[in-house]
Structure formats: C-alpha cells, structure tokens
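Have a look at the structure below before the remarks.
Laboratory data are not the source of any read-out in this text; all were calculated from the coordinates shown. Computed from a prediction, not measured in an experiment: that's the story for all the values here. A quick note on method: Cβ atoms are made from the backbone with ideal geometry, for glycine too, and the neighbour counts reach across all protein chains shown.
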Amino acid sequence: MKRVKVKQVGLPQSLLLAGLVMASVGAQASVTITTGRGITDRIVNAGSISVRNPGNTIQNPGLIIQPPPASSSANGSMNYSVGTSSGNFSESDSSPDGSLVELELNRKGYGYRAEAFAETGLAKARVETKWVAGSGNGSSAAGASSTWSDWFVISGGTGTGTASFASMLDGVLSSGKNGSASFSLNIGYTPSTNCYILCGEADNSQALVNQSFSLSGKGKSALGQELEGEFTFAYDKPFALTVMLGVNAVNGGMADFTLTSLSDSLALPVGSQLLSSSGLYVQAVPEAETYAMMLAGLGLVGWATKRRRTLHA
C-alpha cells in the first residue's frame, strides 16, 4: 500500500517498463489522475484513490448509499460601554448543507466577522475580532465550524484491512495583546452499525486525526502541513469518514483555516476496490493511451525474448 510518483523516461525505456509492469504478478499500473477544484494533478499507484468532481448516488448490489451530509455554522458576540453608549449583541447562523454562512458586526471599535463553508473534500472556517483599547470597556468573540462526511465501501478482500486518508491543512492564527485565537481539527472513522459483542477494531469509531492549537498574546502563527491518518475497515461493510474543522477568536484574535483532500487521498490495500457515496473518491484506472503503451511494451518484451533465443540458437 503506497503512493508512487513516476519519473519521466525515454520512449523505449517507457515501453519496456510498461511491459514489465503488465507481466509482473499483482503489479499495479501507474496512471495520471485529473482532479477537480484546482487540486494539483498527480501520478499515483492504481492501489490509491484519486479525487474528481462529485457525482450522484452510487448503487451497489444490495446497497444504496445516499449523498453525504455537510454543515457549516458561525457565531459572534460583543458588548461595550464607551462613554454614554453601550451595547450587547449576539447572533448565530448555520447551514444544513454546508453552504457559505457569514456574520459581521462593528460598533465603537469592537467587532466580529465569522464565516464557514463545507462540501465533501473541502472545509473552510474563518473568524476575526476587533478590540480597541480606549476609555471604555468591552469584549468581542467569534466562532465558526465546517463539517463533512462521506460513506465508503471497500471490496476485493475478506475480513479486515488497513487504509489511510491524507489531507492538507493550511491556516493562520494571530492574536492581540488582550486576545486569543484557536483551531481544532478532527477526522474520524465511523462504522455503519453498532457492535456490542465480539467487536473488532473495524466495528468501532476510530480517530484518524485529532489536532488543536491556540495562540494568545501578541503573536502570529502560520500552519501548513500534510496530515495522514490510518484506520482499520471491514471489507464489504459501509463506513463513514468525517471531518470537523473549528476556529475561535476573542478580543482582536483571528483564525483562518482550510482543509482539502489530496488528489491521492485514500491509500488502499493492493487489489481493493472502492465506492464512495459522493463520487468524489474514485479508483484510479489506466487511460486508453496507457493501455496502448502497455500493449506495445508487451510486444517489445516478446520481441526481445524471441531475438535472444535466436541469438543463442
């Protein structure tokens, strides 16, 4: 179970390589995967899963999986007392399908802005607060969260297997002298049914990634990292992967984070096949020109073998 990047080679060498790949028992063909949402294309092993634009419901004999849920929410609050003016505000908004939610309010040097968006393979959340020291008193706070989940079925084996999910986290935290900012990220595995007796690891919820970070005082932090979490699954049994991204800020703090699926997000055991409810994650398959090159490679290998026999006759 691995991801493979293939170096560019000359035509004769590439044909021979293709023939050897096809002739090897259990070998996986390397193919170029075209992805949506501007995610960088990669060359991946056919035992990996690539990302493409989402489709509709996927049907499997005896199983129908509905499109996955997504949600987004935002909240903000502030209060102030400046001279003879005072105020106390609080509001929240949410979307059951993950569409963009936005809140913003500014008064007397205090304010907040919060926004969130989620869809399968992508989670975004941003908050910003204002707090200005002066003759008055007050505070400001904001929070935002985005969540998505997708259902999967992996076949091609028996019992249980191990797979991994990879994603890219990018974000910035900043905080003022009297403020703070934080983020939290959870990626988890959930089986389709509950198990109470003789349960295995694949029958229980599993944490792939559980990460959080907070910043206080006058500072700034930028985070950019590739995250990968491993989980155990049961062949031919549905399971869900769920992403939960949350950010918070207080009194001048700011947090802005995005989590995206990589183009070869899921790495599976060799020989496995996968269905995803969203259609976003699909098994990598060779393109027509790849097949042609493989066949040419096989012909080249056969010709070389025949010539070698002739020379030694």
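Taking K and R as +1 and D and E as -1, what net charge do the other residues with C-beta under 9 Å from the C-beta of ARG113 add up to?
-2
About the Cα centre, and with charges only on the beta carbon of Lys, Arg (+1) and Asp, Glu (-1), how big is the dipole of the stretch 58-276? Nearest 20 debye, please.
Roughly 980 debye, rounded to the nearest 20.
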Next on the checklist: Below 14 angstrom from the Cβ of VAL172, what's the summed charge of the other residues (Lys, Arg +1; Asp, Glu -1)?
Outcome noted: 0
Item to check | In nm, spacing of pseudo-spin labels at SER94 and ASN106 (7 Å Cα→C-beta vector) | outcome: 2.9
Next on the checklist: If R₀ is 35 angstrom, what is the calculated FRET efficiency for the pair THR232 and ASP170, using the beta carbon separation as r and rounding to 0.05?
Outcome noted: 0.75
Next on the checklist: What would the Debye equation give as log₁₀ I(q)/I(0) for the stretch 178-236 at q = 0.27 Å⁻¹, counting only Cα atoms as equal point scatterers?
Outcome noted: -1.14
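Of LYS124/LYS237; LYS124/LYS220; LYS130/LYS218, which ones are farther than 23 Å apart at the Cα? Mind dumping the intermediate values first?
On the way: LYS124/LYS237 30 Å; LYS124/LYS220 19 Å; LYS130/LYS218 14 Å.
Beyond 23 Å between Cα atoms: LYS124/LYS237.
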Next on the checklist: Output needed for the stretch 58-276: three equivalent-ellipsoid semi-axes, defined as square roots of 5 times the C-alpha gyration tensor eigenvalues, in descending order, whole Å.
Outcome noted: 42, 17, 13
Item to check | Protection proxy ranking of 214-225, 120-131, 92-103 - average other beta-carbon atoms within 10 Å, highest first | outcome: 120-131, 92-103, 214-225
